[in-house]
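The values are calculated or read from the model by the stated rules, or taken from the named source; none is laboratory data. What you see is a predicted model; the values in this text were computed from it and never measured. Don't worry about glycine lacking a Cβ; one is built from the backbone with ideal geometry, like all the others, and counts go over all protein chains shown. For the accessible areas, the whole protein counts, side chains as well, though only heavy atoms, and no ligand, DNA or RNA atoms are used. Shrake-Rupley method; radii C 1.70, N 1.55, O 1.52, S 1.80 Å.
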Amino acid sequence: MRHFVALFVLISSFIYGQQFSLKGQITDKSNNEGLTFANLRIGGTYVGTSANVNGYYELKLNKGSYQLIASYIGYVSDTITVDVSADRFVNISLKPVSINLPEVTVVPGYNPAIRIIKNAINFKNTRSEKLNSYIFTAYTKGSIRTNQSVDVGSNNLSVGVGTDDSSALKISGILENQSKGYFQKPDNYKEEIIARKQTANFPSSINMLTGGRLIQNFYTNDIQFFDRPLPSPISDDALDYYYYYLKDSLSLDNKKVYEIYFSPIKDYDAGFEGYIYVIDELFALVKVNVGLNKAANTAGIFEKIEIFQQFLPYENDIYMPIDYRLFVEANVLGIAKFGFELNTIMYDYTINPKINADFFTMAVLTVTPDADKRDTLYWQTVQTIPNTDEEKTAYKEIDSVEAIPKTFWDRFSFLATDFELNENFSLTGPLGLYSFNRVEGHSLNLGLGVKKLFDHRYYGRLNFSYGFSDKKLKSELWSKYYFGKYRTHEIEVDVYDRNFSLFEESVEYNDLTSTILSLFSKYDFRDYYRRKGFKAEVNSLVLPYLTLGLGYANNHDFSLQNKTDFSFFGKDKKYPINQSINDGRINAITASFELDFRNYIEDGLFIRRINRSKFYAVLSGDIFISKNNLLKSNTDFEIYKMNLSGRLSTFRSSSLFFNMNGVYSTGTVPMQYMYALPGNISSSGKDFSFRSLSVGEVYGDRVVTVSLEHSFRDDLFKILGIPFFKTAEMNLSTYIDIAWVDQQESSYNYLPKKSIKFLTPFYEAGFSLGHPLLPIKFEFTWKLNYKGTNNFTFGINTVLL
C-alpha cells in the first residue's frame, strides 16, 4: 500500500508539474484576420507573450485555470477563462474600436503633439529614476531570406514581412535562442544564452547575433543602427530633432492612446520616422512602429528597415519592452536581394531585484556550456513564437540539402587564395598558387591548412614554395594550440626556411598587389631577405583585461640579390637592387603584454572583444632581447616596443581614432630589426600610415609615431547644411601623422644603408573622401615640414591592395 501511495504521489507531482502548450490565434472580429503581434497576458500576473505576424500565439503553462487577457491598440480587450490540463488550441477575437479626436482648432504656433511628447519625455525620466535593475527571459528567432532557392553555403540575406512581394523571398536560414538578461544602474548589462539552435547551414556562433545586444529599447535616448547613434523619439533632445503630428486617438484597455507621426525636422538628418503610441494620463510610450529615414539608410541599399516594439506596465507603473521586431530588405545595385527578420519576445521580468555588483563582469554575453545540447524535449518547454508553415518547411528543406555530400567542385572557387576541402582542411586556391618578385622570379606556392581540430583547439599550416629564378625551395610549418575553457591560453610554434619582406610589420599591401605591380610596371616596392629558424611563444589571458606572453626566437638571416629582370612591360628598365641586411644569427628571448579593458563575448568557444563603448583603448608592448654571451647571438641589443590604439566618439556618429607607437632600443640593432615608418606605394594609401613617405623610406631603432584620424562620416556636411554633400552620403575624414626617428650611433654605423632621421618631429596632414557603398577613399596629403619630394600626395586607399 505504501508503495502504491508513493507511486501515486510521484505520478501526481509529474502531472501537476508538467507544462502544457496553449496555442491559438488572436483575430479581428470584423474580418477574422490575424492581429499582428497582439498581446496576451495571464490575469493577475506579469506572465504573457506576443503573437507572431499572423496573430498566432503560444504559452507554456502548468495545469490549472487561467484568465487570458488579449489586447491590441484600437481594439476592445477581451478576457476569457481557460482550464489547462492538456495541450489546447484557443482562438480569441477582438472587436475594433476607435476614439476619434474632437475637432482641433489650429492655433498658429501651437502643435498639440508637443505637449504629449514633453509629458512622454518626463515619464521616461521618471521611469528611469524608479528602475534600478531588472532580470528577464527572452526568446529570439531570426529568419534569413533570399530570392534564391535554398543553397548550401549561401551567404545572401533577405527578409519577408508578409508584404506583397515577399513570396519571392525564400527562407535560407533560421536562428533561435533563449536567453536571460540582467541590468543594473548605471550601465551594467549581462546576457546569458542558455539554449540555441539553427538550421544546419549555419555555425552555432552566428547565433550570438540574435542575442539581446541587438535588441533596442526606445525608452533610451540613443539607439544604435549601422554604428550610428539615432535619437529616440522620446529622447531628451527629441523636440529639437523631430517634427511631431497628432494623427488620431485609439483605445487600449478603455484608455485613450495617442497615435503620433514623427520624422526628422531636417530630411538630411539621420533618424527614425513613423508612428509612436502614447497612453493618456500617464503618457507612457506603449508602442513603436517606425522605419529609418533615407538619411539613415546607409548608401541607400535598404529597401525597407522597419522596427516594431511594444511595452506593458509592471509593478509601480514601470513600462518594459515585451517584444522587438526588426525587418530588413535590401537590394544591392539590383544584383542581390537579401534581408533579415528578427522577432524577440521578453517575459518573466523581475523588477528592481538585488544583484550583487560582482555578478557583472567584462563578459557582457555568455553562451552557457550546454546551450547547444538542448534537445527537443527542452524546446517543448520554452516560451517561443510559433513557427509558420514556411519556417517548418525551411527547417526540413535546408537540413536535408545540407546533408547531401559536397564534392570538390562544390567548394572550389577560381577567385580564392584558399579553398576549403571540409570544415577542418583547406588547400591553396588559384589566386595563391602563383607569385612573382625580382628575387625569386616566378614562384609556385602550395599549402595545406588545418583548423578547428581537437574541439576547435588546434590550428596550423604547412606551406611550400619554389622560385624558378633563385631555384630555392622554401617551407614553413606553423602551429597553434589553445587551452582553457574559452581557449584563452595558447602555444604557438613557427618553423621556417623562407624569404621575408624587409620591415614586414609596416607593409600592409598584399602579395597579389606586389606581383601585379612587378609584372606589369616593373615596380617591386619590397626588399627581401632569407630567414631560417624557429620561434615559440606562450600567451595567456591571466586577467580578464591582461594578456602576457613569453617566447624564444632562433633566426639565421641572409641577404638576397636580384635574380630576374622579367616583366611584361618596361623591358628597357631595371629593377632596383634588393637591399642588403645585416647577415648573421640572432637568438632572442621575447616577452609581450596587452591591456584591453573592452567588454567581450564568451561565445562558447572563444572570447571576442567588442567595440561598442564610446571610448576604448588597447595598450600593448613587446620586448626582444638578443645576447651574445648568453644566447650565442651575433650581436647584443634590446628592443622595447609600445602601442596604444583606440577610438573616442566625439559627436553624433563621428569618432576620433588614434594609433601611437614607441620604440626604444639599446645595443647594435641589425637593419632587419629596425622599425620603419609605414609608408605607401605610388598613388596609394593606408589607414594609420605616412602617405607622403615610401615603403621602407624612414627607419630607426628609437621611434615615436602619433597618428590621429577623425572620421566625420557625413555628419559635418549635414550640420553645416552644405549643398549636395549634405545628402550625398560622402564620408569625410581628416588625419595628421607625426613621427620622431633616430638611430643610435652603434646601429647607424652597422647599417648597410643609411636612413634619414627626424630629430625634430615630422608632420603631415590631409583629408579623405569616400562613399560607404564603395571600398575606396580618395586621400589628399600635404607634408608640413621636411619638404622635398612628395610635398603633396594624392592616393587611393582601398582594402583591395
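Here are a few things to note about the model shown:
- Taking every Cα-Cα distance in the stretch 533-612 and sorting them into 5 Å bins starting at zero, the pair-distance distribution P(r) comes out as 3, 11, 12, 11, 10, 9, 9, 9, 10, 10, 5, 1 percent.
- Multiplying each eigenvalue of the alpha-carbon gyration tensor of the stretch 604-682 by 5 and taking the square root yields semi-axes of 35, 18, 11 Å, largest first, rounded to whole angstroms.
- When each of the peptides 751-762, 310-321 is scored by the mean number of other C-beta atoms lying within 10 Å of its residues, the order from highest to lowest reads 310-321, 751-762.
- When the P(r) of the stretch 608-756 is calculated, the portion above 25 Å amounts to 46% of the C-alpha pairs.
- Shape of the stretch 543-698, Cα gyration tensor, a/c cut at 1.5: oblate
- Each eigenvalue of the Cα gyration tensor of the stretch 680-801, multiplied by 5 and square-rooted, gives one semi-axis; in descending order these are 34, 14, 11 Å.
- Convex hull projection area averaged over all views, the stretch 749-801, Cα basis, nm²: 5.7 nm²
- Average accessible surface for the chain: 47 Å² per residue, computed with a 1.4 Å probe over protein heavy atoms with every protein chain in place.
- Principal axes of the stretch 274-315: Cα extent on each, largest first, Å: 43, 16, 11
- In this simple spin-label approximation, Ser475 and Lys757 carry label points 7 Å from Cα along the Cα→Cβ vector, and these lie 4.5 nm apart.
- Expressed in Å, the radius of gyration and Dmax of the Cα atoms of the stretch 266-396 are 19.4, 53.
- Peptide ranges 169-178, 602-611 listed from the most packed, as the mean C-beta count within 10 angstrom indicates: 169-178, 602-611
- At least 18 Å along the helix axis (C-alpha) and Kyte average at least 0.5, DSSP helices within the chain: 2-17
- Grouping the Cα pair distances of the stretch 214-310 into 10 Å bins from zero gives a pair-distance distribution of 16, 50, 27, 6, 0 percent in increasing distance order.
- For the chain, the antiparallel share of DSSP beta bridges with both residues in that region comes to about 95%.
- Length available on full extension from Ala357 to Leu619: 0.36 nm per residue minus the Cα-Cα distance, which gives 91.7 nm.
- Net dipole in debye of the chain [+1 Lys, Arg Cβ; -1 Asp, Glu Cβ; about Cα centre; nearest 20]: 1240 debye
- Around Pro229: net Lys/Arg minus Asp/Glu count, Cβ-Cβ under 10 Å: +1
- Direction-averaged projected area, Cα convex hull, the chain: 43.1 nm², rounded to one decimal.
- Residue (of Thr666, His456, Phe690) at the positive-pole extreme of the chain, dipole from beta-carbon charges: Thr666
- Remark on the stretch 258-333: ratio of C-alpha radius of gyration to 2.2 N^0.38 Å is 1.29.
- Inter-probe distance in nm under a simple model that places probes 7 Å from Cα toward Cβ, at Val799 and Glu638: 4.0 nm
- Cα centroid separation, the stretch 170-203 to the stretch 479-509 (Å): 32 Å
- Counting only protein heavy atoms and a probe of 1.4 Å, the accessible surface of the stretch 512-609 is 62% carbon and sulfur.
- Cα-centre dipole for the stretch 604-662 with unit charges at Cβ (Lys and Arg positive, Asp and Glu negative), debye to 20: 460 debye
- Computed over Cα pairs, the Kirkwood radius of the stretch 448-522 leads via Stokes-Einstein (1.567 mPa s, 4 °C) to a diffusion coefficient of 86 µm² per second.
- Carbon plus sulfur fraction of accessible area for the stretch 679-794, probe 1.4 Å, in percent: 64 percent
- For the stretch 481-630, taking Cα atoms only, Rg and Dmax work out to 20.5, 61 Å respectively.
- The stretch 687-732-the stretch 552-586 distance, computed between alpha-carbon centres (Å): 33 Å
- Using equal-weight Cα scatterers in the Debye expression, the normalised intensity of the stretch 228-270 in log10 at q = 0.20, 0.33 Å⁻¹ is -0.69, -1.14.
- Based on the reciprocal of the average 1/r between different C-alpha atoms, the Kirkwood radius for the stretch 565-626 equals 17.5 Å.
- The portion of the accessible surface of the stretch 359-511 made up by carbon and sulfur, rounded to a whole percent, is 60 (1.4 Å probe; DNA, RNA and ligands excluded).
- Ordering of 454-461, 487-494, 673-680, 266-273 by burial proxy (mean other Cβ atoms within 10 Å per residue, highest first): 673-680, 266-273, 487-494, 454-461
- nm² value of the averaged projected area, convex hull over the Cα atoms of the stretch 726-782: 6.0 nm²
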